[in-house]
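The block underneath contains the structure these notes are about, expressed in structure tokens.
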Amino acid sequence: MKIYIDAGHRNSTWDRGAVSSDGQYESPIALDYAIELESALKALGVTTYMSRNSEDDIITLQERTNRANALGADLYISIHVNAAGEAYKGKADGVEVLYYTDATLSQLICNAICDATGATNRGAKQRQDLHVLRCSNMQAILIEVGFIDNLAELNKILTPDYKFKIISSVIDVLKSEFNLNNNNITTSPENIIQIDVNGNVKSVSGQILSGVTYIRLKDLADDKIKISYENNLPTVTVI
């Protein structure tokens with residue numbers, strides 16, 4: 001199975017999505033969740049593609065769906081953080097999953113996430129105005145993991161444990177609905193990993209998925225180690 005994972009926003013240089021009252025933007029949160037979802041799917045042997053791998057990648061909506069279509073992806077998953085707007089700021093909460101035509105998968109994922117996290121279940125909602133849902137040739141869903149303008153909920157969204165529950169819930173539904181590898185995924189919400197880079201030992205957070213240790217390369221970056229992504233391709237240069 002091939003799944004295209006879209007970390008929401010960064011459609012242009014100024015697009016960072018919604019922003020919280022304390023200045024946190026949606027796009028890096030969406031990227032963080034997308035990276036974790038990709039890691040979990042790879043552990044199941046799923047072929048994955050990412051719309052972007054960093055905040056420096058600027059990818060238009062048209063480019064995202066064009067690539068997913070060209071790759072022949074079986075499923076398109078877009079990850080976002082919701083915002084209620086000025087009138088309801090701090091009042092709206094919960095998870096919703098958007099779809100274009102078929103509500104079944106969206107409702108299953110929404111139910112699973114809310115059961116695991118205790119979040120308000122806002123349900124599956126049809127949206128025919130969103131490009132990534134409308135212009136993708138495969139089944140597509142958009143997951144709103146919570147509200148960025150509700151600080152109480154945002155603080156949960158940012159914790160490794162809450163993220164772990166959301167990602168695990170999505171994985172469980174996908175395993176069931178698409179008959180993915182049903183081997184148990186052993187995961188930990190947060191681990192401190194010791195990495196020796198040319199004699200320089202660094203402690204970074206990571207996850208253990210099915211016995212494989214994963215870390216973010218960007219966490220290794222410092223004044224001596226430079227990391228860059230090349231043209232949104234899965235090629236990384238470490239200097």
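Against the test of being under 12 Å from the mean Cα position of the chain (by Cα), in the same structural domain as A7 (by TED's automatic domain parsing) and either closer than 27 Å to S176 by Cα or of a type in the set (F, W, Y) (or both), the options L75, L98, L31 yield a single qualifying residue, L31. Taking residues in the range 123-142 that are farther than 16 Å from A103 by Cβ and among the polar types (S, T, N, Q), and partners anywhere that are modelled with pLDDT of 95 or more and surrounded by fewer than 20 Cβ atoms within 10 Å (Cβ to Cβ), the pairs with Cβ atoms closer than 6 Å and at least 6 places apart or on different chains are N137/N69.
The values are calculated or read from the model by the stated rules, or taken from the named source; none is laboratory data. Keep in mind that what you see is a predicted model, and the values were worked out from it rather than measured. Backbone-built Cβ (ideal geometry, glycine too); neighbour counts: all protein chains shown.
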